[in-house]
1. Once fully extended, how much extra length lies between residue 80 and residue 209, figured as 0.36 nm per residue of separation less the alpha-carbon to alpha-carbon distance?
2. Order the peptides 217-224, 103-110 from the highest to the lowest mean number of other Cβ atoms within 10 Å of their residues.
3. I'd like to compare 198-204, 236-242: which one has the highest average count of other Cβ atoms within 10 Å, and what's the full order after that?
4. Could you rank the peptides 148-158, 69-79, 48-58 by their average count of other C-beta atoms within 10 Å per residue, with the highest value first?
5. Could you state the number of Å between the C-alpha centres of the stretch 109-164 and the stretch 17-32?
6. Give, in nm to one decimal, the length gained when the segment between residue 55 and residue 244 is fully stretched (0.36 nm per residue of separation minus the Cα-Cα distance).
7. Taking K and R as +1 and D and E as -1, what net charge do the other residues with C-beta under 11 Å from the C-beta of residue 215 add up to?
8. Residue separation times 0.36 nm, minus the C-alpha to C-alpha distance between residue 28 and residue 134: what's the value?
Amino acid sequence: MRSDRGQSAPLGLKIAATVGLLFLHLPILLIFVYAFTTEEKSFVWPPPGLTTQWFAVTWNRPDVWQALSLSVRVAAISTAIALVLGTLCAAAVSRTKFFGRETISLLVILPIALPGIITGIALRSAFSLAEIPFSFWTIVLGHATFCVVVVYNNAVARFRRTSGSMIEASMDLGADGFQTFRHVVLPNIATALLAGGMLAFALSFDEVIVTTFTAGQQQTVPIWMLEELIRPRQRPVTNVVAMVVMLVTLLPILLAYYLTRDGDQIAGSGK
């Protein structure tokens, strides 16, 4: 039988793919260019000159560091919560059968399926009804709602590909539940959890809509960037921060991809 693997794509498809990639990535490249422009108050093309002074200016801006610190702390704690809750939920859904299992699975993934503005309004209404003041923890709770979904999706897929016979064998050999999880389950799902955690961190770090409804007067990096675009003081500083944010979120996503691309080769999956 003739294989299609060696066939080249049609020229029209190649051109369409190239145009699509350029359309998506040229605006991103402009951000990098404007991070080095000598023009301070407007975006002029081509840039009148290039300079690296804005990196030093950004480094010495305390408001940038405050926003960056808040974003990192929120993303780290939201990811930690998501890893615990997402893993436990994935284990329950994939390893046990009970009434309403599919409903629970749907409810877990619903926050990321809904528009962010719906989730934000719902959270803000809930905090208002409970008379909870907006704080660092309201942002964390808001971000954890969709970070759990990312970890859950990765973990439940890996749980379903992990052979149950290995767990049974571990229990038969006298291992308790914690030992079985540590020596059998965790090594098989570790890369999925790491990938899910990194994706959750990246999503939390650049979240805007839910943060707007749960942050009050606090500013994470995306909120700070939005404020700077509306009332700019030094436009290139915003582009420098945007460039850093893209790199911070891109690296975890790439690493997560490389960790999960061979995820179908799980120990015992074929037995």
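1. That works out to 44.3 nm of additional length.
2. Output ranking for 217-224, 103-110: 217-224, 103-110.
3. My ranking of the peptides, most packed first, is 198-204, 236-242.
4. Peptide ranking by packing, descending: 148-158, 69-79, 48-58.
5. 31
6. Values: separation 189, 0.36 × 189 = 68.04 nm, distance 1.05 nm.
That pair, residue 55 and residue 244, stretches by 67.0 nm at full extension.
7. 0
8. Length gained, residue 28 through residue 134: 34.9 nm.
Read-outs throughout are calculated quantities, based only on the coordinates presented, and are distinct from any laboratory measurement. Given the structure is predicted, the values throughout are model-derived calculations rather than measurements. Neighbour counts run over all protein chains shown; Cβ positions are idealised from the backbone, glycine included.
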